[in-house]
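The values are calculated or read from the model by the stated rules, or taken from the named source; none is laboratory data. Just so you know, these numbers come straight off a predicted model, no measurement behind them. Here the Cβ is made from the backbone with ideal geometry for all residues, glycine too, and neighbour counts use every protein chain on show. The accessibility values were calculated without ligands, DNA or RNA, using every heavy atom of the protein model including side chains. Shrake-Rupley method; radii C 1.70, N 1.55, O 1.52, S 1.80 Å.
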Amino acid sequence: MVLVLVMMVLLSFPYYPAEASTGMVSIRNVFESMGAQVEWIPEGQVIRIQRGKNQIQLAVGSRIAYKNGQKITMDQSVRLNGTTHVAEMSTRHVYELAKTDDLERHYRVQANDTLWRISTRYGVTIDQLMEWNGLMTPVIYPGQHLHISDPYYTVQQGDTLSKIASSNESTVVEIKRANGLAGDMLQPGQRLFIPPQASIKPPDLFKEGIFPLVDGTYQSYRNDYGDPRSFSTTGNTRSHEGVDIFAKQWIPIFAVDNGRVIRKGWNYYGGWRLTIESNNGIAFYYAHMTGYAEGTNIGTQIRKGQLIGFVGSTGYGEEGTRAKFEPHLHLGMYDTKSQPWKPMNPYWYLRWWEFQ
């Protein structure tokens, strides 16, 4: 009878293989690092989080989270750490809760689309679409990017061009060019035109990947793959085998795709780094971290969107070396089927993931 009851309890919960289990992270620390406001409500042991337009609620002992009124079932219950008494949640669901769902301001035209279909889908008028996009006729083409909301942004207190660009699907360079800005100074109340993104060709691989940092937590970046780097163990100039995305220290880093951890630890160039290999033999290399998330051990299966570590400035020296450069994430991609591994340029993958 006891055995039957135990089996019934076990079957009432979803099965997660041990090798795919995730760690836990402090809710307050991880969300406040992304600019959110976190409130602890003793009655009911509830945590309320406000990040931009996102309203999130969790409760100790529950696997159910609410994001803007929508229920999300997590793989593990929120818990109070027995030593620190800090509320913790699964590293697998931080990205899902933190990202801005209504980020998309632009729509990529699909085959057989019409302005009428797009206007109906997004609850706007054809006239608005034509005005926002400077269209003289209703003719559109597949791959074209269209504004689906008012393309003007009103500057708020504390805004920077980088913050506005990352939260409005644009870049600092494009916003400055579109608004005739010579410098980076902004004034509250100033209206900026947010130019539409140029059409981006879908990559051959990882179309469903995600950007490794949450919107609003990083600066605009450029295609610096292949740039010369003077720091080396030999004194010779080497080639930059990745793309650098600058962000504040301790900003969370998320896995862009499913995979298995194959390398972890100190690297003379990359500092504290993590290498995750996808099923197709492409490895993602995350470097210069300031720390790892719990549950990222050699051989661990990582899921897309899982929290894996935090932005830092480690590397360029013996173990523990840091602050030789500004904090940033270096993301590299390598084809492990080649020996030695063949580096790949992640820039256009990042651009695709950023605006999906």
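In this structure, residue 271 does satisfy being over 23 Å from residue 107 (Cβ atoms), crowded, with 17+ Cβ neighbours inside 10 Å and over 20 Å from the mean Cα position of the chain (by Cα).
For the stretch 153-182, filtered to residues that are loosely packed, with under 15 Cβ neighbours inside 10 Å and β-branched (Val, Ile, Thr), the residue that is modelled with the highest pLDDT is 154. Condition (residue is more than 14 Å from residue 282 (Cα to Cα), assigned to a loop (DSSP other than H, G, I, E, B) and touching a helix residue (DSSP H, G or I) at 6+ places or on another chain (Cβ under 7 Å)) applied to the stretch 337-356: is it met by at least one residue? No: the stretch 337-356 contains no residue that is more than 14 Å from residue 282 (Cα to Cα), assigned to a loop (DSSP other than H, G, I, E, B) and touching a helix residue (DSSP H, G or I) at 6+ places or on another chain (Cβ under 7 Å). In summary, residue 200 fulfils each of the numbered conditions (1) in contact with a Phe, Trp or Tyr (Cβ under 6 Å, 6 or more places away or on another chain); (2) modelled with pLDDT of 95 or more; (3) on the phi < 0 side of the Ramachandran plot with the single exception of condition (2). So residue 170 fits all but one of (1) polar (S, T, N, Q); (2) out of contact with any Phe, Trp or Tyr (no Cβ under 7 Å at 6 or more places or on another chain); (3) within 17 Å of residue 200 (Cβ to Cβ); (4) not in a loop (DSSP other than H, G, I, E, B); what number is the exception? Among (1) polar (S, T, N, Q); (2) out of contact with any Phe, Trp or Tyr (no Cβ under 7 Å at 6 or more places or on another chain); (3) within 17 Å of residue 200 (Cβ to Cβ); (4) not in a loop (DSSP other than H, G, I, E, B), the lone unmet condition for residue 170 is (4). Residues in the stretch 260-289 that are assigned to a strand (DSSP E or B), at positive phi and either of a type in the set (A, V, I, L, M) or touching a Ser or Thr at 6+ places or on another chain (Cβ under 8 Å) (or both): 271, 288. The test for being open to solvent by 60 Å² or more (accessible area, probe 1.4 Å), of a type in the set (Val, Ile, Thr) and out of contact with any Lys or Arg (no Cβ under 8 Å at 6 or more places or on another chain) does not hold for residue 237.
Looking only at residues in the stretch 27-84 that are modelled with pLDDT under 95 and among the β-branched types (Val, Ile, Thr), the one that is nearest to residue 216 (Cα to Cα) is 84. Residues that are open to solvent by 60 Å² or more (accessible area, probe 1.4 Å), closer than 30 Å to residue 143 by Cα and either in contact with a Pro (Cβ under 8 Å, 6 or more places away or on another chain) or not in a strand (DSSP E or B) (or both): does the stretch 56-72 have at least one? No, every residue in the stretch 56-72 fails to be open to solvent by 60 Å² or more (accessible area, probe 1.4 Å), closer than 30 Å to residue 143 by Cα and either in contact with a Pro (Cβ under 8 Å, 6 or more places away or on another chain) or not in a strand (DSSP E or B) (or both).
For residue 185, the conditions (1) aliphatic (A, V, I, L, M); (2) part of a strand (DSSP E or B); (3) open to solvent by 60 Å² or more (accessible area, probe 1.4 Å) all hold with the exception of (2). Per this entry, residue 256 is counted among residues that are in contact (Cβ under 8 Å) with a residue 12 or more places away in the chain, among the β-branched types (Val, Ile, Thr), surrounded by 15 or more Cβ atoms within 10 Å (Cβ to Cβ) and outside any strand (DSSP E or B). Look at the stretch 78-98: where a residue is open to solvent by 10 Å² or more (accessible area, probe 1.4 Å) and a partner is aromatic (Phe, Trp, Tyr), sitting 6+ places away or on another chain with Cβ atoms under 9 Å, you get 87/40; 95/254.
Here is a yes/no grid of residues against (1) of a type in the set (A, V, I, L, M, F, W, C); (2) surrounded by fewer than 17 Cβ atoms within 10 Å (Cβ to Cβ); (3) modelled with pLDDT of 95 or more:
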| residue | (1), (2), (3) |
| --- | --- |
| 305 | no, no, yes |
| 311 | yes, no, yes |
| 319 | no, yes, yes |
| 342 | no, yes, yes |
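Among residues belonging to the stretch 188-231 that are under 19 Å from residue 287 (Cβ atoms), touching a residue at least 24 places away in the same chain (Cβ under 8 Å) and over 21 Å from the mean Cα position of the chain (by Cα), point out the one that is surrounded by the most Cβ atoms within 10 Å (Cβ to Cβ). That would be 231.
Assess whether residue 301 counts as being open to solvent by 50 Å² or more (accessible area, probe 1.4 Å), among the polar types (S, T, N, Q) and farther than 30 Å from residue 142 by Cβ. Yes.
Regarding residue 129, is this residue of a type in the set (A, V, I, L, M, F, W, C), at pLDDT 85 or above, surrounded by 12 or more Cβ atoms within 10 Å (Cβ to Cβ) and not in a helix (DSSP H, G or I)? Judged against the criteria, residue 129 is not a match.
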